[in-house]
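The values are calculated or read from the model by the stated rules, or taken from the named source; none is laboratory data. Because the structure is a prediction, the values reported are computed rather than measured. Here the Cβ positions follow ideal geometry from the backbone for every residue, glycine too, while neighbour counts run over all protein chains shown.
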Amino acid sequence: MPARPLDDVLLELQELALATVAPQAQRIDQAGEWPETSLRALQKAGMGGLVVPEEKGGLGHGLYGLMRACETLGQHCASTAMCYGMHAVGSAVIAAKATREQTQLYLEPIVRGRHLTTLALSEPGSGSHFYLPEMRIERLARGYRLDGTKSFVTNGSHADSYVMSGVSEAGATPGVFSMLVVPGDSPGMEWSAEWQGSGMRGNSSRNVDLRGVELGPHALLGEEGEQAWYVFNVVTPFFLTAMAGTYLGVAQGALDETRQHLQTRRHAHSGQTLAQSALLQHRIGSLWGMLERARRLCYYAAEQGDSHGPDAMPAILSSKAEAADAAVTIANECLTLAGGIGYARGSRFDRHLRDARAAHVMAPTTDLLRTWAGRWLLGEPLLSG
Ligand SMILES: Cc1cc2nc3c(=O)[nH]c(=O)nc-3n(C[C@H](O)[C@H](O)[C@H](O)COP(=O)(O)OP(=O)(O)OC[C@H]3O[C@@H](n4cnc5c(N)ncnc54)[C@H](O)[C@@H]3O)c2cc1C
């Protein structure tokens with residue numbers, strides 16, 4: 001049990017979200033602005049080390065803590081939740097088997113709120129099949145040299161380091177790749193144009209070319225050959241959990257605002273609010289049930305993951321898929337229930353729907369997750385290309 005209980009952390013996060021994150025959400029969406037103020041406030045409050053083990057100075061929370069943190073932020077600003085979540089995933093990957101040098105270089109500044117990291121796995125070539133990187137890693141006498149392109153890197157060009165994947169030979173077995181941490185100021189990194197997403201507009205999910213980027217001997221995470229361990233024990237659970245939490249938050253935000261709208265929108269001809277319509281009462285009740293079903297599965301998945309329970313794998317794989325289905329359906333329905341106000345360009349309902357739509361697109365996509373869960377349940381290999 002971590003020294004600082006999760007309830008205490010979440011209370012502070014909720015206050016910070018209301019005071020700092022929520023007031024900026026609309027501007028971040030409209031301007032496509034990276035949520036710097038909110039992320040710095042989170043770092044200043046000590047949240048940068050949420051999933052870094054206590055013996056390394058962090059708060060020592062696991063998957064359940066990460067899910068709840070992203071959910072709390074996602075209710076107010078999906079981009080902030082995603083940027084924070086990707087930092088947390090990157091820090092969990094670094095922390096998993098950090099050497100003394102990696103602890104000093106990355107984890108200590110992360111827990112002091114001075115270092116932001118992020119996960120950069122996707123590539124233009126393999127697209128949503130993020131476990132098939134083509135980035136080439138060449139071994140040097142003292143270190144490594146990288147050549148390739150990473151795509152859709154959340155926190156792109158703003159992070160202090162990037163957790164990347166690569167292979168030392170072409171055509172490696174799926175899931176067999178090395179993970180390295182790349183300092184953001186490494187010579188040879190060139191960022192593409194600004195991110196212009198339909199939703200998640202504050203993400204700064206940009207592409208980066210790496211041309212002969214040279215890294216020192218401390219860049220490699222873990223030992224050569226244990227990368228499958230990273231993929232299944234750290235990358236997949238933390239990545240999916242951060243995303244599931246974010247989309248639960250988006251759905252909750254949409255539902256809360258819709259309830260408020262229905263309670264205050266009053267028709268002149270009847271003198272009644274929309275909340276008094278039996279049909280709309282039924283629809284709100286159904287949406288609440290849908291969200292709560294998804295949330296229970298997601299919380300169960302995170303708890304199973306933290307305790308290495310027997311359902312951990314299918315539950316974690318299903319959690320992001322369930323959260324994605326719930327968020328897209330709920331945000332879409334909420335926009336309908338908010339009528340013309342909801343449909344207005346730049347309305348909060350419009351933003352929630354655009355943010356939610358990223359859920360099915362971001363890898364592992366919903367289709368892939370359902371297939372992987374099925375493969376696991378049927379005893380078939382998860383990664384078959
Ligand atoms: C907002 C946002 C933030 C992101 N942040 C990050 C990040 O921080 N780090 C990171 O590494 N990546 C990130 N990504 C990348 C993301 O996870 C995906 O890798 C990327 O969106 C894949 O896009 P693509 O067009 O290449 O997909 P494609 O691979 O072209 O897939 C397109 C569609 O085809 C489907 N499909 C693909 N292959 C098959 C198949 N064999 N059978 C059936 N269906 C298939 C997919 O499910 C998908 O629906 C982000 C993406 C977005 C949109």
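Structure values in brief
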| item | result |
| --- | --- |
| Residues located in the range 195-211, provided they are within 13 Å of the ligand (Cβ to nearest atom) and closer than 23 Å to LEU146 by Cα | SER204, SER205, ARG206, ASN207, VAL208 |
| Pair list, Cβ under 9 Å, 6 or more apart: the range 118-145 residue of a type in the set (Phe, Trp, Tyr), other residue assigned to a strand (DSSP E or B) and away from the ligand (no atom under 16 Å from the Cβ) | TYR144/ILE137; TYR144/GLU138; TYR144/VAL213; TYR144/GLU214; TYR144/LEU215; TYR144/LEU220 |
| Helices (runs of 4 or more DSSP H) completely within the range 324-385 that count 1 or more residues being within 11 Å of the ligand (Cβ to nearest atom) | 348-361, 366-377 |
| Among (1) more than 9 Å from the ligand (Cβ to nearest atom); (2) touching a Gly at 6+ places or on another chain (Cβ under 9 Å); (3) in a loop (DSSP other than H, G, I, E, B); (4) at pLDDT below 95, the one test that MET179 misses | (3) |
| Test set (1) hydrophobic (A, V, I, L, M, F, W, C); (2) touching a residue at least 60 places away in the same chain (Cβ under 8 Å); (3) in a strand (DSSP E or B) - ALA159 fails condition number | (3) |
| Residues of the range 49-63 that turn out to be outside any loop (DSSP other than H, G, I, E, B) and closer than 12 Å to ALA98 by Cβ, as a count | 2 |
| Residue check, ARG295 at pLDDT 95 or above, out of contact with any Ser or Thr (no Cβ under 9 Å at 6 or more places or on another chain), in a helix (DSSP H, G or I) and more than 16 Å from the ligand (Cβ to nearest atom) | yes |
| Close pairs (8 angstrom Cβ cut-off, 6 or more residues apart or separate chains): assigned by TED's automatic domain parsing to the domain that holds PHE239 in the range 92-110, surrounded by 23 or more Cβ atoms within 10 Å (Cβ to Cβ) and not in a helix (DSSP H, G or I) anywhere | none |
| Count - residues of the range 91-137 that are crowded, with 17+ Cβ neighbours inside 10 Å and either within 13 Å of the ligand (Cβ to nearest atom) or closer than 24 Å to SER192 by Cα (or both) | 19 |
| Yes/no for GLU71 being part of a helix (DSSP H, G or I), of a type in the set (D, E, K, R) and either in contact with a Leu (Cβ under 6 Å, 6 or more places away or on another chain) or at pLDDT below 95 (or both) | yes |
| Residue tally, condition touching a residue at least 60 places away in the same chain (Cβ under 8 Å), crowded, with 24+ Cβ neighbours inside 10 Å and hydrophobic (A, V, I, L, M, F, W, C), over the range 302-324 | 5 |
| Looking only at the range 227-278, and only at residues there that are at pLDDT below 95 and among the polar types (S, T, N, Q), the one that is nearest to ALA294 (Cα to Cα) | THR236 |
